[in-house]
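Derivation of every value follows stated rules applied to the coordinates shown; laboratory data play no part. For clarity, every value in this text was computed on a predicted model and none was experimentally measured. Please note: Cβ atoms are built from the backbone with ideal geometry, for glycine as well, and neighbour counts cover all protein chains shown.
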Amino acid sequence: MNYKLLIFICVLLGTIMSSCVPDTGNQMTDIVISMSDPEIQKITDLKDKQDLKGLYDYFRNENPSYRYQAVIAFASIKKAEANDSLVAMLQDPVMQVRSAAAFAIGQSGDSKITDRLILSFRGKDTLNVNNIFNANVLEAVGKTGNISDLKSLATVRTYRSTDTLLLLGQAKAIFRMALRNITCDEGTSRMVDLLYTASVPKEVKVLAAQYFGRAKDINLSLSKVRLTDIFTRERNPDIRMALATAFGKSKDIDFLPALKTAMIAETDYRVKCNVMRALGNFPYIEFRDIAFKNLKNDNLHIASTAAGVFMSNGFIEDVPEYMKYDTVTIPWQVRAKMNGAVLAHTALYFTKSKTAFSERIKKNLKDAESLYAKAAYVDALSKDPYNYMILMQIYAEEKNQLIKISAIEGIGNILKNPLFFRAFGNGFGRIKAEMLNTLANAITSGDVGQIAAASVILKEPSLQWKEWLKDLTFMKEALAKLKLPKEVEAYNELQSCISFLEGKEYKADRPAYNHPIDWALLQTVSDSSIAAIKTTQGLIRVKLYKKNAPGSVANFVHLINEKFYNGKAFHRVVPNFVIQTGCPRGDGYGSLDYSIRSELPQIYYNGEGYIGMASAGIDTEGTQWFITHSATPHLDGNYTIFGKVVEGMDVVHKIQQGDKINEIIFVK
């Protein structure tokens, strides 16, 4: 028998028994984290400075609260070099400390540490204290292990439904493996069983469903009947929406009846959005009528999703129907996508027809009041390769950076269009050179959004720019002018682009420590403090997680006091995912002249309403943040959570791109 499997089974069956919790004698065992404690502040500052040696010194402290705070700091630091020291903490007499060590080791993603994690499993105890630790080890193995480890942990089926912690640890491990593109039939089978067993706790089922929504290239053929049954009878929307996504990815027509029924019977808009996207993966005739019906759905998230399905998966015979939606009263979020559907699915050689319709889109662009609407119409224009000159003209003449960036992204869409070469034949090279010139202008513009957008296009492997760009001096000069940490997103994208074109690997450097936590300001925040966010759609009240993310909370409160967020737009809205705001430019590329650290303790995006820091990579957070529409466990361990909506989720669900924050009031 595989020795790893044997260890897992021994733990589960309790063959290595201990009478109770580990003997701690007269040692302190209670964990008390107070952000007013000078030692806790010092440890947190050491984490911010990534002073590993300073943190190691606390590993020997007699106070378990300080040991815990020092150990969990490494979950945010994510450095494999700390794992040897963290492994020793797996034997700490206090359960919370050794659990934090397991979690922190997992965060490093170091595959070399997996066997030592597995060997740290502890025997069953009468108070289930060891189950808490073992569950953390399981999750950590999911972040570091290989296919053999996955098969070992997935084939353990002796958990009882009352072993909530171990079941959750097993589900997290299989899910985390899937996020790393490590899957196997045994893991899929286990997740089906967890979903199908009625007595399994809800939080375990949600993770199992998310596995099916996120895992790539898994075989559902042996589980279709059970998964369909779960989808039909399950009342939890987080489970239904994830399964809808899974059914769509499979493209198996046996799932179609359940999806079609859900579009009629479903009452949760979030599930309907996922079902609509899923239907788009099936033959056009199967979703056509459903999508048309939902273009005028009262819920704009559903309507815009339906329009997006037509834009991505439309059919040439229905182009006249798509055109009709340019003459009816519908929101721009729907009209722009239907405009795009017309150009995307009109035959390439119908140039007169497409030119005429492009003029209508240009009028929509001119008449649009919202900058986000204008950007959407620019995107619609990019669905026809022949519109490349229109996009270059928009880029050259437009003053607003959001629209200029949309034009650059549109040029990228045209370059990646499968019909691009066919459209221009022997003139293909000349046209591509013209667009390259525009992209080069974007790189040298000095604007962070333009630089980032153009860099993404120029490092696209399928476009084969290496043969076109031999002299990268202009890129390196543009890179040297970028200011860190303020312009780190553009810097990383451009440096990554240069490395790709030179045939080198690139790993982004973390910004240096540059913004200390304002501890005096943080003391004005209590455990019950609320941020009241007044938006154009209504009021959202958020509880702030001071202990979990002190740096992010202090930064947020400072910006509130400075009235920084007043008038800021929700520049990004993805139906049934997030609403995002806080960008000083309004296009997602803005920041102030500092960055703060990622704060990644053991807290999860396991439901709706979590407020997290947007970032361009670890330790690049600043002013932008988002609120989740639903459970998003794929964000766990990578995006700071610093609060949760306690009132106003109905407002969160109503917010659309372009809605604004009127003001935020900090309620102590």
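Which whole number of Å³ per residue matches the convex hull of the alpha-carbon atoms in the chain?
On the way: hull volume 107.5 nm³, N = 668.
Value for the chain: 161 Å³ per residue.
In the chain, what % of DSSP beta bridges are antiparallel (nearest 5)?
Values: 32 of 32 bridges.
Around 100 percent of the beta bridges assigned by DSSP in the chain are antiparallel ones.
At a threshold of 8 angstrom on Cα-Cα distance, excluding pairs fewer than six apart, so keeping six or more, what relative contact order does the chain reach in percent?
Values: 1179 pairs, mean separation 58.6, N = 668.
The normalised contact order for the chain reaches 9 percent.
Over 30 Å between C-alpha atoms is what I'm after, so list which of K366/K416; K352/K404; K249/K354 land there. Numbers along the way, then the final one.
Numbers: K366/K416 26 Å; K352/K404 26 Å; K249/K354 32 Å.
Violating the 30 Å Cα-Cα cut-off are K249/K354.
Could you please report the charge total around S598, scoring K, R as +1 and D, E as -1 over all other residues with beta-carbon less than 13 angstrom from its beta-carbon?
0
Mind scanning K112/K172; K205/K547; K383/K459 and naming the pairs with a C-alpha gap bigger than 26 Å? The partial results should precede the final answer.
Values: K112/K172 20 Å; K205/K547 28 Å; K383/K459 21 Å.
Table pairs above 26 Å Cα-Cα are K205/K547.
Please compute, for the alpha-carbon atoms of segment 3-216, the extent along each of the three principal axes and give them in descending order in Å.
Sorted from largest, the Cα extents of segment 3-216 read 49, 39, 31 Å.
For segment 197-213, take each phi angle, set θ = phi - 60°, evaluate the Karplus expression 6.51 cos²θ - 1.76 cosθ + 1.60, and give the result in whole Hz per residue in order, putting x for glycine and proline.
7, 4, 7, 5, x, 4, 4, 6, 4, 4, 5, 4, 5, 4, 4, 5, x
Under a 5 Å amide H to amide H cut-off, with H placed in plane at 1.01 Å, what residues pair with G643 once short-range neighbours are removed?
Those qualifying (amide H under 5 Å, at least 5 residues apart or on another chain) are Y545, I611.
Hey, what did segment 519-667 get for relative contact order, percent, Cα under 8 Å, at least 6 apart? Numbers along the way, then the final one.
Details: 352 pairs, mean separation 53.1, N = 149.
Once normalised by length, the contact order is 36 percent.
Summing -39500 (n - 2.57) over the DSSP H runs of n ≥ 4 in the chain and dividing by its residue number, what mean residue ellipticity at 222 nm do you reach, to the nearest 500 deg cm²/dmol?
Working: 32 runs with 355 residues, N = 668.
Mean residue ellipticity, 222 nm, calculated: -16000 deg cm²/dmol.
Any idea what % of Cα-Cα pairs in segment 49-163 are farther than 26 Å?
Taking all Cα-Cα pairs of segment 49-163, the fraction more than 26 Å apart is 18 percent.
Per residue of segment 435-442, in order, report the coupling 6.51 cos²θ - 1.76 cosθ + 1.60 (Karplus, θ = phi - 60°) as ³J(HN,Hα) in whole Hz, putting x for Gly and Pro.
5, 4, 4, 5, 5, 5, 4, 5
Using only Cα positions of segment 454-528, each an equal point scatterer, no hydration layer, compute I(q)/I(0) via Debye at q = 0.12, 0.15, 0.22, 0.24 Å⁻¹ and quote the log10 values to two decimals.
For the requested q values the scattering log ratios are -0.46, -0.60, -1.00, -1.13.
Using the Karplus equation 6.51 cos²θ - 1.76 cosθ + 1.60 (θ = phi - 60°), what ³J(HN,Hα) coupling, rounded to whole Hz, does each residue of segment 402-409 give in order, writing x for Gly and Pro?
4, 6, 4, 5, 4, 5, 4, 4
Grab the other residues whose beta carbon is less than 15 angstrom from that of E321, score K and R as +1, D and E as -1, and report the net. Don't skip to the end; give the middle numbers.
Values: positive: R288, K293, K296, K324, R335, K337; negative: D289, E317, D318, D326.
Neighbourhood net charge equals +2.
For segment 384-509, count the residues as N, evaluate 2.2 N^0.38 Å, and divide the Cα radius of gyration by that value, please.
Details: Rg = 14.2 Å, N = 126, 2.2 N^0.38 = 13.8 Å.
The reported ratio for this selection is 1.03.
Give the lysines whose C-alpha is closer than 22 Å to that of K534, dropping any in the same chain fewer than 8 places away, or say none.
Output for K534: K543, K546, K563, K568, K644, K654, K660, K668.
Roughly how tilted is helix 38-49, in degrees to the nearest 10 and between 0 and 90, from the longest Cα axis of the chain?
40 degrees
Could you tally the net charge around N364, taking each other residue with its Cβ under 13 Å from the Cβ of N364, Lys/Arg +1 and Asp/Glu -1? Spell out each step's value before the answer.
Details: positive: R335, K337, R360, K362, K363, K366, K374; negative: D326, E359, D367, E369, D379.
Summing Lys and Arg as +1 and Asp and Glu as -1 gives +2.
In Å, what is the Rg of the alpha-carbon atoms in segment 519-667, and how long is Dmax?
Gyration radius and largest Cα-Cα distance of segment 519-667: 13.7, 38 Å.
When only DSSP loop residues count, what trypsin sites (Lys or Arg not before Pro) in segment 398-487 have their Cβ near at most 12 other Cβ atoms within 10 Å? List each step's numbers first, then the result.
Working: sites: K399, K404, K416, R422, R430, K432, K459, K466, K470, K476, K481, K483, K486; in loops: K399, K459, K470, K483, K486.
Passing both the DSSP loop test and the Cβ count: K399, K470, K483.
With no solvent and one point on each alpha carbon, what is the Debye value of log10 I(q)/I(0) for segment 603-668 at q = 0.20 Å⁻¹?
-0.92
Measure nothing but the geometry: give the 0 to 90° angle between the long axis through the Cα atoms of 332-345 and the longest principal axis through the Cα atoms of the chain, rounded to 10°.
In the chain, helix 332-345 runs at an angle near 70 degrees to the longest axis.
So who's got an amide H within less than 5 Å of the one on T535, skipping anything under 5 residues away but keeping other chains? H placed 1.01 Å off N, in plane.
I540, N662
Mind listing the Cα extents of segment 535-587 along all three principal axes, in Å, largest one first?
Taking max minus min along each principal axis of the Cα atoms, segment 535-587 gives 30, 25, 21 Å.
Per the Kirkwood treatment, what hydrodynamic radius in Å, one decimal, follows for segment 128-246 from the mean inverse distance over all distinct Cα pairs?
On the way: mean 1/r = 0.0715 Å⁻¹.
Over segment 128-246, the inverse of the mean reciprocal pair distance is 14.0 Å.
Any chance you could give the angle, 0 to 90 degrees and rounded to 10, that helix 300-313 forms with the longest Cα principal axis of the chain?
It is inclined by approximately 70 degrees.
What residues have an amide H closer than 5 Å to that of L220, excluding those fewer than 5 places away on the same chain, when H is modeled at 1.01 Å from N in the peptide plane?
none
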